[in-house]
Structures are given as C-alpha cells and as structure tokens.
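The values are calculated or read from the model by the stated rules, or taken from the named source; none is laboratory data. Keep in mind that what you see is a predicted model, and the values were worked out from it rather than measured. For neighbour counting, all protein chains shown are included, and Cβ atoms are generated from backbone atoms with ideal geometry for every residue, glycine included.
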Amino acid sequence: MNYNEIAEKIVNELGGRNNIDNVYNCMTRLRFELKDESLANDSNIKSITGIAGVVRQGGQIQLVIGKEVVNFFNAVQKITGPGTGNSSKVKVAKSGNIAIRTLTGAVDIIASSMTPIIPALIGAGIIQMMVILLGFFFDQDSSTLKFLSIISNSAFYFMPIFIAYAISRKFNASPVLAAVVTAVLLNPQFIDIMNLAKTSEVTFLGVPVMSAQYASTVIPAILIAWIVSCATRLVDRITPAMTKTFLNPALIILISAPIAFTVIGPVGTFLATGLASGVELMQSHLNLLTMVILATFMPFIVMTGLHWAFTPIVLGSLASGQGDSLILPIMLVINMAQGAASIAVGIKSRNSQLKQTSLAAGFTCVFSGLTEPCMYGVNLPLKKPMLAACIASGITGLFICLVKLKSFAFGISSLVALPMFINPTDHTNIIYAVSAAAMVIVLTMALTFILGFEDPVDEKKGQSDLPTQGKIDKRETIIVSSVENNEQVIKSPVAGKIIPLLEVNDLTFSTEALGKGVGIVVDEGRVYAPFDGTVLSIFPTNHAIGLSSKSGVELLIHIGIDTVKLNGSGFKSYVKNGDTINQGDLLIEFDLEHIKSLGYDTTTVVVVVNSDNYIQVESSSESVIQPSQPLLLLV
C-alpha cells in the first residue's frame, strides 16, 4: 500500500493542508482538529482504503484505522509538517464556529454528567413502574407502598448531587466537594429558608437569595461543579503549602456554596425553566410538526449525542408528576422501528451471517431498547431499512401526538419497559403505548419489505489491499483456528467489572469497528499478559498495547478513553515492541487515581482485532474478574 498517496487523499478530503490545525494519533485512530470542519467530506474519507470509519467527537474528526495508524500518521505529517503533531495544543474557537463549538461543548458536558448516573435512574425508574403496578393492588396509604415510593424517588430527588459528583472530573474539581456544595441546596433547613423566601426577603451578607427548588434539577448542579473548579484554582494559588490539606476544602466550600445559592442556582434554574418553556411553546403551537420531525430524525440526533440536551426537560417533567410527552414516547417509537427494520432484514435476507446478526440485533433492540447494533450494524449500512424506520417513526409520531402519549417513569423505552407508560388515573395511556409500538413495528417491517435492500451474497468479496497483520477491515476470509476443540481462552489482563462494549463511551469500540471484546471498569492500575505470545506494538504514551498469541490471536488492550491526550503521564511500560511475553507477566502500570482526577474515563477495552477469524467471541458470564481468570472464549 502506498501510504503517501492515501495521506494525500485524506488531507484533500479534509479541506487541504491549510485547514488542518492539529493532527495526532492514538493506538487506532488519526485525530484531526480543523479550522473549518464543514470542509471535511466524511463519505469520501470512508471510501479511502484503510479507513474503517469516521467519528466526529469533541471538536475532532477521528479516522478509525487500526494498527496501521502510525504509518498513516507519518505519511500525513509529511504533508502537514511536524508542527501539527502536538496533542496538547490548545485551540481557540474561530468566530465562524463559535455557535457549533458552544453547542457541542454544552451537549458534551450534559452527556458527561448524565452517563455515569443513567444506571441509577433506570433502576429507580423500574422501581417506579413497580410502584405504579402495585398501586392497583395495595391501598394508597400502605406503608409498604410509601417506602417503595421513597426508594424510587430518591435517585431523582438527589440527582443534582450525583450529577455534580460525576461532572466535576471534567472540570478538574473534587467530586466530593462538588457534591457537598450541591447538597447544601437540598438540605431540609435550606429548603425551609427557600419556602420562607417566597413570602419575605431572605439575604446572605446583605445579598438577596431568590426562592428556588433544586431537587431533580440538572443545570444548576453542572454550574456548581464549574464554580467549585474555579474556587479550587483560586484557593490553591493563595494558600501556603503547609495549610492546603485542611484549609483548602474549607475555603472552597465557603466560597462556592454562597455563590451557588445566590447566583448560580437561580441562573441555572432560569436556564432550565427557559429551555422547558421553549419546548412547551413548540408543543403548544407546533405540536404535530415538532413530534413528526423529532420522531423521524431522532436516530440521527442520537448518533450525534444531541439527545442529551433533552435530558433536563425529561427529568423535570417526570419530577413534576405530569409525565413526559415528548422524548420518552418518541424513543419508544424509534427503538421499536430500528429493531423492527433489523428483524425484517433478518427475515428477508438470504445471507446467513446477515440474517443471524440482524435477527439478534433486532430482537435485542425491541426487548431491551439498545439500538446501536441495529443502527450501526444493519440499518445504516444497508440504508433503505434506515429509511423505512424513519418514515414509520414519523407516521407513528403523528399518532402519539394526537393521543397525547406520556411516560410516567424513567427508563430505556422498549417492550419490557412498557409499564413506564401506565398512568394510574388514565388506563388508556398504556393502551396507546402498546398501539404505538405495534403500529411502528408493522409499518417498519412492511416498508422494509417494500423498499428492499442490497442483500450481500454469502461469499467474501473485495479483499482490501491492507496488510493482513493489523487489519481491522470486516472483509477478511473467515478462518477457524486449528487449536484443540477449535476453542481458545483469553485470560483477563486486568481486574475490575466487566461491561459490554456497547456501554463503552467511545463509538469506535462500542460499534465493534475494531473487533469484538469487552470493556472492564478497572479497580487497579496493572495490565498483565493474557497469554503467551509477542508484543506487536505498544504506543509511545503506554496507554495501549497490541499483542499476538502463539496461536494467532491479535489482541488490543486500550487503557481508558481519550487517554492518549495524557502524553504518557501516569503510565509505565515494562515491555517494548517485539518482546516475548508469558501469561501473567506485568506489561504496564498506570496511576489509576491520577488519571481519574484529571477527568478521564478509565474503562479499559480488551478487543480481539482479528475477530473475523473466529465464528464466535464470547465473554465471561462473571460480572467481576481478576487477572488470569478466563475473560474471552474464541471459537
């Protein structure tokens, strides 16, 4: 392969050399920061040999390549010059992009604050469904029902504390101090003062304190975490070294808390109220149009991450007891549509592999609400099934608008979660929810059958001219390893909690673009050799390592998300490229707390890069794993 020619194509499709502000690479991707992102042609870039995907994230355009990324980077840098390889370079937003960058940054902040607490909200939402169902059998004054209601409501009531804790790392603030300052606004005594402020003037050091309610809010908590980070930097500059341990926390709280309830809290409440009022205005005057447009295009909004901007509105509606009539009903429609389109593909396709993948992804989506396997693995690549799903979603969006469908609990909209649409005072709401789900499923499947799609034949075509080693292209010939019983066991290289790749906060991994595997939420900073073999490549910053077993398994171990930006800070390697390793050898050490304190997600990804060489890659059924315990089974 001629890397220089490919590099020229990449640079041209990104708007030319003068449009590139910065370029650097991690273990698998080339990351570009551009002066004008609109000049980049994603579709043309995807067609370039060796490019597995294009991801726009965090103000960057990331090209998914794989282990050949260093060769691509070197070739690109010959064109752009060595001055563009500094990953620590700080960019100033250009005037033409301020609005876009501001919106992207705001959505990223909301997503960062909500993602860690979503499991708690889903769990509480399920309990809320239980309370609704039990309400039909228990007396409303039952103490058991009241206790269950308290359990389900607590996650939402104290949500600002969790949000402040989660988002504080992004602002380089102490999570505990951010949580403490936010907790002030939920203190029962503070609430009593706020109630008093409704009828009489309340001041703090002569500054008026506005009456406001902060339970279940999102934006005030985010702003408070930011204020804590500002106070932290200020206090750190003015206090002597010998007093920092005990004096800094006190000063940070004393500075942040008053600002929180005199300025930030009211401002955040005003912004949240304004956002909710804007949406309410749209629903009041352009309700039909709003629902149809959102239902039709929500899959693409989800792909960009902009759906997180609606989270404060959803949670506010649920907390008020009025129910959400916008996002959760729409999510039910699009989740059912994506799953139905994938199932229709599975039924219609004659390609055995596509049939198996489509049916599995489709039923998973319909029953669990996980759309990524359907969207990225089936519907989007085939195009017409995605079109069918969008059309059906738009039509059903009109229906749910006319019947005023509402959700009364938080959860991932799916068939299993239909009880979230039960309204204790109006039994027709759940009937409308079931009708909407059935309607969109039937419409989507019918349209998918009518529109059809390009069904790939059951043979591998179009072999890439990438070198076989390190290839991540999905067009390889399937080869079953000739080991005993055709099975290989890969031991865990780290200790922690196993999570599916779908839950990893990085599209490159969660869409399995680099292969199948798992994510591990690590609880110690050591990486051990998972098998006997060789070190194929270790990244200069030591945050990722590629290994090859004696039987030919190619494994990528990637420590954390976006940790390439640390430039090796907190990482130490004990091996180098080409070293022979034995199972259990210590490969890398990393400072887990240091990396967390800088706001990075430390989820470690273990991926079989040459997954297509195996019929199946199964992960351990254990939820928690230790080094050297079986992690992956390759068949």
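Quick check: anything in segment 610-632 of a type in the set (Asp, Glu), within 30 Å of Phe32 (Cα to Cα), outside any loop (DSSP other than H, G, I, E, B) and out of contact with any His (no Cβ under 8 Å at 6 or more places or on another chain)? The answer is yes, given that some residue of segment 610-632 is of a type in the set (Asp, Glu), within 30 Å of Phe32 (Cα to Cα), outside any loop (DSSP other than H, G, I, E, B) and out of contact with any His (no Cβ under 8 Å at 6 or more places or on another chain). At least 1 residues being modelled with pLDDT of 85 or more and either among the small types (Gly, Ala, Ser) or under 28 Å from Leu451 (Cβ atoms) (or both) is the threshold, and among the helices (runs of 4 or more DSSP H) wholly inside segment 273-355 those reaching it are 287-304, 327-348. Exactly one residue out of Val416, Val457 is in contact with a Ser or Thr (Cβ under 9 Å, 6 or more places away or on another chain) and either modelled with pLDDT of 90 or more or assigned to a loop (DSSP other than H, G, I, E, B) (or both): that is Val416.
The residues listed here are Ala437, Ala388, Ala433; of these, the one that is assigned to a helix (DSSP H, G or I), among the small types (Gly, Ala, Ser) and touching a strand residue (DSSP E or B) at 6+ places or on another chain (Cβ under 9 Å) is Ala433.
Hey, can you tell me all the residues within segment 15-45 that are in a loop (DSSP other than H, G, I, E, B) and either at pLDDT below 85 or in contact with a helix residue (DSSP H, G or I) (Cβ under 7 Å, 6 or more places away or on another chain) (or both)? The answer is Gly15, Cys26, Met27, Thr28, Lys35, Asp36, Ala40, Asn41. Within segment 391-409, work out how many residues are buried (at least 24 other Cβ atoms within 10 Å of the Cβ) and part of a helix (DSSP H, G or I). Residues flagged as buried (at least 24 other Cβ atoms within 10 Å of the Cβ) and part of a helix (DSSP H, G or I) within segment 391-409 amount to 5. Can you find even one residue in segment 357-373 that is in the same structural domain as Ala417 (by TED's automatic domain parsing), of a type outside the set (Ser, Thr, Tyr), surrounded by 18 or more Cβ atoms within 10 Å (Cβ to Cβ) and modelled with pLDDT of 90 or more? No, segment 357-373 contains no residue that is in the same structural domain as Ala417 (by TED's automatic domain parsing), of a type outside the set (Ser, Thr, Tyr), surrounded by 18 or more Cβ atoms within 10 Å (Cβ to Cβ) and modelled with pLDDT of 90 or more. Tell me, please, whether a residue that is part of a helix (DSSP H, G or I), without any contact (Cβ under 8 Å) to a residue 12 or more places away in the chain and in contact with a helix residue (DSSP H, G or I) (Cβ under 8 Å, 6 or more places away or on another chain) can be found in segment 225-246. Looking through segment 225-246, at least one residue is part of a helix (DSSP H, G or I), without any contact (Cβ under 8 Å) to a residue 12 or more places away in the chain and in contact with a helix residue (DSSP H, G or I) (Cβ under 8 Å, 6 or more places away or on another chain). Filter segment 582-609 for residues that are out of contact with any helix residue (DSSP H, G or I) (no Cβ under 7 Å at 6 or more places or on another chain), of a type in the set (Val, Ile, Thr) and part of a loop (DSSP other than H, G, I, E, B); which is modelled with the lowest pLDDT? In this case the residue turns out to be Val609. Among the residues of segment 248-256, is there at least one that is modelled with pLDDT under 80, of a type in the set (Val, Ile, Thr) and either farther than 30 Å from Gly397 by Cβ or in a helix (DSSP H, G or I) (or both)? Taking every residue of segment 248-256 in turn, none turns out to be modelled with pLDDT under 80, of a type in the set (Val, Ile, Thr) and either farther than 30 Å from Gly397 by Cβ or in a helix (DSSP H, G or I) (or both). Here Val202, Val181 are screened, and the one residue that is in contact with a helix residue (DSSP H, G or I) (Cβ under 9 Å, 6 or more places away or on another chain), modelled with pLDDT of 90 or more and assigned by TED's automatic domain parsing to the domain that holds Ala250 is Val181.
Being in contact (Cβ under 8 Å) with a residue 60 or more places away in the chain and farther than 21 Å from Pro500 by Cβ is a description that applies to Phe590.
Regarding segment 561-576, can at least one residue be identified that is more than 20 Å from the chain's Cα centre (by Cα) and charged (D, E, K, R)? There is at least one residue in segment 561-576 that is more than 20 Å from the chain's Cα centre (by Cα) and charged (D, E, K, R).
Being small (Gly, Ala, Ser) and either touching a Phe, Trp or Tyr at 6+ places or on another chain (Cβ under 6 Å) or modelled with pLDDT of 90 or more (or both) is the filter here, so list the residues in segment 552-579 that pass it. The answer is Gly560, Gly570, Ser573. Answer with yes or no whether Ile561 is within 30 Å of Pro175 (Cα to Cα), in contact (Cβ under 8 Å) with a residue 12 or more places away in the chain, touching an Asp or Glu at 6+ places or on another chain (Cβ under 6 Å) and not assigned by TED's automatic domain parsing to the domain that holds Gln356. So Ile561 fits the description; yes.
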